[in-house]
Amino acid sequence: MVKTGRLSGKNDSMNQKLRIISIVVAIAFSCSAGWAQRVSKQTQMNEFVTALMKKMTLDEKLGQLNLITPAARTGPFATKNATAKMMDGSAGNVFGVLGTPSSVHSKLSLADSSRLKIPLLSGLDIIHGYKTIFPIPLGLSCTWDSTLIERTARIAAVEATAAGYNWTFSPMVDITRDPRWGRVMEGSGEDPFLGSIIARAMVKGYQGKDLKDPTSLMACIKHFGMYGAAEAGRDYNTTDMSRLSMYQNYLPPYKAAVDAGAGSVMCSFNEVDGIPATANKWLLTDLLRNQWGFNGFVVTDYNAVQELIAHGVAADYKQAAQLSLSAGVDMDMVSESMIASLKDLLKAGKVSMAQIDAACSRVLEAKYKLGLLSGSARQFDAARAAQVTLTDENKSIAKLAALKSFVLLENKNNTLPLKKNTHIALIGPFANNQREMFSSWVIAGDVKSVVTIYDGIRAKASETIYAEGSQVNDDTITIKKRGGSFDSLKQQRMIKEAVDAAQKSDVIVTVLGESSTMSGEARSRTDISIPHCQRELLKALKSTGKPVILLLLNGRPLTIQEDLLYTDAVVEIWRPGTEAGNAIADVLFGDYNPSGKLTMTFPRSVGQIPVYYNHKNTGRPYLGKQEYVSSYMDQYNSPLYSFGYGLSYTTFKYSQISLSDTLLRGTKAKLKATITVTNSGSYAGEETVQLYLNDPVASVTRPVEELKHFQKVFLKPGESKQVTFDITANDLKFFNSNLKWDWEAGRFVVFIGGGSDMVKTAGFVWEK
Ligand code: BGC
């Protein structure tokens, strides 16, 4: 028996070894097979593109560098004679074509009349959905759910490709710390770690597994780079920051999207280190291509080549085109400076044929990767368009995304959730409006498909009365600069009507904030409060003595400190999209327990901006009542709501942190940080458990905390779960003053909790 046992033990271990060897060999083989396959695909593409380019005239090549738009939907002007240009090949790419799928298809087929019939890249700003509209990206990021976000991007891709588009100008991955900037709504907030996760998810969602798949949409990472740091939050303004801050805080999401395989990058309007991004060789070639290995193409932003003149780096459009091509731009959006001048510049020896060929081949490679150059791969399919658009399943994902994006900011005395038989007065200029559930970045969405807040609530509580209550904005400068009107007599009547309605009800639900045109591109504001006329309505509602629930509809963090005096509960609903009303009703009546967590800090006042959670300590941190420390005389340092904040109808209790070790050594060590989270309230709910690290002593100053991990847990009332995070030396890394991504030995602090300022802490030492 013993002998047999020992023998079989030997056999087992031999078998084990053989198994391991065969697995290693299989992996090596499949890796090298995968590698060989990639190389051969690359070779095939190069051969194809080279052969095609041999047939092309210089004019035809320049056409591929030209991106036009038939309508000025998102910029100051449209392209003249767009149809003719698509037909003769002088515009190889188009964006912003709208219509029914078949009319879009016929416009996109215009290139069939050109000599070589090279299909167009057909772009569109599909920012948070094509026909099925999801919450704005800032709202989506508050779900902290990359799988769901990837799903929304996939749905957008499936719907949009069926209608003939093959390219989206998304994801917008700019880090944003200044809510005065209207474009914060298009991104994922202030944190580079979370921003990177979301950037990857969106690229994967749009592009699918293979760009050749007819449902894949090529992604375009924008706006490269640092566009989110526009000075004073004024759109298109200068950005100026250290390389260290770029590398540490702003570049990671662009890099993550590049690593995820995004096919294109859009350079930004702003300057970087004194050179506009469009003409910035360091940015577009040294960093993007040479350091990061990006192998797609670079498109400018709208008319940005021409704008080099106003920036003051080019004397005329010819010089602007020369600078752009030389910096690494492959495609000129709308300005047509390249097509108008590259021939002359070539003759004058100011640009080379090799530069033009390189740009042209990158654009053709994109078309090849999308399968546009292989005939049948991208045939328009009207039946598919009808089948995949605005389906029940798509709408159910839109509803889920909206539900998960809502952030419960306040809930005094458990005002929410409401009982279904509550008599509600629903008040506010956005409460019964379909278009206002979208943002200014919904270009193709179907307004008629939107469930208004009124309809959503009425489906659950028939005793709901509605009054508009207020006009949107009475700010005289906005009205003067942007149009619109305000009628004060009408306003008094509206408020009275709303108060009358409120008096007949048990509770007031009011939807206030910004209209869809108050955030987005070119929508910077210096005063980011709820417009004064709406606040007057809010005060009047509060004076009725009824509980007031404020649903905040907006595209940026607002300064709502004063409004809290007139409210009992506040839910941030962002701009929720197609399923707005259904999702809001579920939250109001407790059919869904809100779980969103802020991804951008809410300031107490505009004077605090920029205020963000991962700030530095300074040499004189404010620790209480002191003189000569870093603080305001008239304001707290802390924001109103910090990154990661969000309440629930239930409460979550956190235990102390338990660490697997307090002294670690070397790059391979692993630390386990465990915490027990208990649902200590009476509703089931989801919590996002967040882990932050701080490196108190390093060769360069480090933020007071940085998000490194998070996990979601769903807990029934009374239920507890242990949540364990693996911390590795990688999590300790940062960019040092040589811009090297590395870690330094020393003491560290770990914070775990349900928000960046609601945490338990523990410490450990990690040696080299
Ligand atoms: C915006 C881009 C957008 C482009 C095309 C520009 O004005 O900055 O984000 O993709 O227009 O619509």
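Going by the structure shown, is Asp174 within 14 Å of the ligand (Cβ to nearest atom), surrounded by fewer than 24 Cβ atoms within 10 Å (Cβ to Cβ) and charged (D, E, K, R)?
no
Just checking: which of the helices (runs of 4 or more DSSP H) contained wholly in the range 396-514 hold 1 or more residues that are open to solvent by less than 20 Å² (accessible area, probe 1.4 Å)?
Helices (runs of 4 or more DSSP H) meeting the threshold: 453-458, 488-503.
Condition (residue is in a helix (DSSP H, G or I), within 16 Å of the ligand (Cβ to nearest atom) and open to solvent by 10 Å² or more (accessible area, probe 1.4 Å)) applied to the range 295-308: is it met by at least one residue?
Within the range 295-308, one or more residues are in a helix (DSSP H, G or I), within 16 Å of the ligand (Cβ to nearest atom) and open to solvent by 10 Å² or more (accessible area, probe 1.4 Å).
State yes or no: is Glu436 charged (D, E, K, R) and touching a His at 6+ places or on another chain (Cβ under 7 Å)?
Judged against the criteria, Glu436 is not a match.
What single numbered condition from (1) modelled with pLDDT of 95 or more; (2) buried (at least 20 other Cβ atoms within 10 Å of the Cβ) fails to hold for Ala385?
Of (1) modelled with pLDDT of 95 or more; (2) buried (at least 20 other Cβ atoms within 10 Å of the Cβ), only one is false for Ala385: (1).
Determine which single condition Asp506 fails, assuming it passes every other condition in (1) under 19 Å from Gly581 (Cβ atoms); (2) touching a His at 6+ places or on another chain (Cβ under 9 Å).
Result: Asp506 passes all but (1).
Out of the residues in the range 106-135 that are buried (at least 24 other Cβ atoms within 10 Å of the Cβ) and either charged (D, E, K, R) or over 25 Å from Leu364 (Cα atoms) (or both), state the one that is farthest from the ligand (Cβ to nearest atom).
Top of the filtered list is Thr132.
So which residues in the range 58-79 are open to solvent by 40 Å² or more (accessible area, probe 1.4 Å) and more than 32 Å from the chain's Cα centre (by Cα)?
Leu58, Asp59
Which of the residues belonging to the range 703-735 are in a loop (DSSP other than H, G, I, E, B) and either touching a Pro at 6+ places or on another chain (Cβ under 6 Å) or open to solvent by less than 30 Å² (accessible area, probe 1.4 Å) (or both)?
Pro703, Glu705
What pairs come out if I take residues in the range 73-88 that are more than 24 Å from Glu521 (Cα to Cα) and pair them with residues that are away from the ligand (no atom under 16 Å from the Cβ) and assigned to a loop (DSSP other than H, G, I, E, B) whose C-beta lies under 9 Å away, six or more apart or interchain?
Final answer for the pair search is Ala84/Ser90; Met86/Gly92; Met86/Ser114; Met87/Ser114; Asp88/Ser114; Asp88/Arg115.
Name the residues in the range 178-232 that are open to solvent by less than 20 Å² (accessible area, probe 1.4 Å), among the hydrophobic types (A, V, I, L, M, F, W, C) and more than 16 Å from the ligand (Cβ to nearest atom), would you?
Answer for the range 178-232, where residues must be open to solvent by less than 20 Å² (accessible area, probe 1.4 Å), among the hydrophobic types (A, V, I, L, M, F, W, C) and more than 16 Å from the ligand (Cβ to nearest atom): Leu194, Ile198, Ala201.
Picking from Ser638, Ser642, Ser680, which residue would you name as being under 19 Å from Lys760 (Cβ atoms), small (Gly, Ala, Ser), open to solvent by less than 80 Å² (accessible area, probe 1.4 Å) and assigned by TED's automatic domain parsing to the domain that holds Asn738?
Only one candidate passes the filter, namely Ser680.
Taking the condition in contact with a helix residue (DSSP H, G or I) (Cβ under 7 Å, 6 or more places away or on another chain), closer than 21 Å to Ile133 by Cα, buried (at least 24 other Cβ atoms within 10 Å of the Cβ) and in contact (Cβ under 8 Å) with a residue 24 or more places away in the chain, does Gly164 pass?
Spelling it out, Gly164 is indeed in contact with a helix residue (DSSP H, G or I) (Cβ under 7 Å, 6 or more places away or on another chain), closer than 21 Å to Ile133 by Cα, buried (at least 24 other Cβ atoms within 10 Å of the Cβ) and in contact (Cβ under 8 Å) with a residue 24 or more places away in the chain.
Tell me which of these Leu98 doesn't satisfy, since it passes every other one: (1) closer than 20 Å to Ser374 by Cα; (2) out of contact with any strand residue (DSSP E or B) (no Cβ under 6 Å at 6 or more places or on another chain).
(1)
I want to confirm something. Restricting to the range 44-89 and keeping residues that are β-branched (Val, Ile, Thr) and assigned to a loop (DSSP other than H, G, I, E, B), which single residue is nearest to Ser361 (Cα to Cα)?
Step by step, filter the range 44-89, then rank; the result is Thr57.
The values are calculated or read from the model by the stated rules, or taken from the named source; none is laboratory data. Bear in mind the structure is a predicted one, so any value in this text is a computation, not a measurement. Because the Cβ atoms are built from the backbone with ideal geometry, glycine has one as well, and the counts that use them run over all protein chains shown. SASA here: full protein model, heavy atoms, side chains in, ligands and nucleic acids out. Shrake-Rupley method; radii C 1.70, N 1.55, O 1.52, S 1.80 Å.
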